[in-house]
Amino acid sequence: MEIIKFIHSYWAYLVVIVVTVATINAVIGYVTKREFVPRDFRLALFALIVTHIQFLIGFVLFFVSDKVRWFDSDTEVSTIMKNSDLRLYNLEHPLVMILTVVFITVGYSKHKKKLTSTPKLKMLAIFYTLALILLLSRIPWSSWLTF
């Protein structure tokens, strides 16, 4: 379990960096009305890939982590919901990260269907910005930065 936790924690740095760069790139491209170039496609795709890999690692960690208590017969749901740390690891973080992956996936899929540069960059800018906001909102900062 420790190796999965280690990978999940350090891969998260890559996810934050790549999603941030892809988001800023899309927003700047949309605002400046520049042409959609292969670099834009690669950044969007790389953000999609790293977030999906992080999701898979997190999915495994969800079932083996000692912080997740859903599968513990001694812990009631009310106990999880009353404790902010337990609620973060058992509900908020997993749910919001799933939504993050969904927004990135939808944004990536929608941008591929657009035929011109401005709509492509607009789709990426909107969905990747929403994903980045969600991502940053539910990182367990207290444990993540001290790992």
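The values are calculated or read from the model by the stated rules, or taken from the named source; none is laboratory data. Keep in mind that this is a model prediction, so the values were computed, not measured. Cβ atoms come from the backbone with ideal geometry, glycine included; neighbour counts cover every protein chain shown.
Worth pointing out:
- Residue ID - farthest from the chain's Cα centre (by Cα), chosen from residues in region 1-30 that are polar (S, T, N, Q) and within 19 Å of residue 105 (Cβ to Cβ): 25
- Any chance residue 95 is within 18 Å of residue 9 (Cα to Cα), crowded, with 18+ Cβ neighbours inside 10 Å and either at pLDDT 95 or above or not basic (Lys, Arg) (or both): no
- So residue 39, is it outside any helix (DSSP H, G or I) and either within 18 Å of the chain's Cα centre (by Cα) or on the phi < 0 side of the Ramachandran plot (or both): no
- Filter result (basic (Lys, Arg) and surrounded by 13 or more Cβ atoms within 10 Å (Cβ to Cβ)) within region 26-80: 34, 67, 69
- Long-range neighbours under 9 Å by Cβ, at least six apart or interchain, first residue under 18 Å from residue 131 (Cβ atoms) within region 26-38, second not in a helix (DSSP H, G or I): 28/34; 29/35; 29/36; 29/37
- Search result, residues across region 111-145 that are of a type in the set (A, V, I, L, M, F, W, C), in a helix (DSSP H, G or I) and free of Cβ contacts under 8 Å to residues at least 24 places away in the same chain: 123, 126, 133, 141
Let's see how each residue does on (1) of a type in the set (Ser, Thr, Tyr); (2) touching a residue at least 60 places away in the same chain (Cβ under 8 Å); (3) part of a helix (DSSP H, G or I):
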site: 52; (1), (2), (3): no, no, yes
site: 57; (1), (2), (3): no, no, yes
site: 71; (1), (2), (3): no, no, no
site: 78; (1), (2), (3): yes, no, yes
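- Some residue of region 121-128 being among the aromatic types (Phe, Trp, Tyr), in contact with a Phe, Trp or Tyr (Cβ under 9 Å, 6 or more places away or on another chain), under 19 Å from residue 17 (Cβ atoms) and surrounded by 14 or more Cβ atoms within 10 Å (Cβ to Cβ): yes
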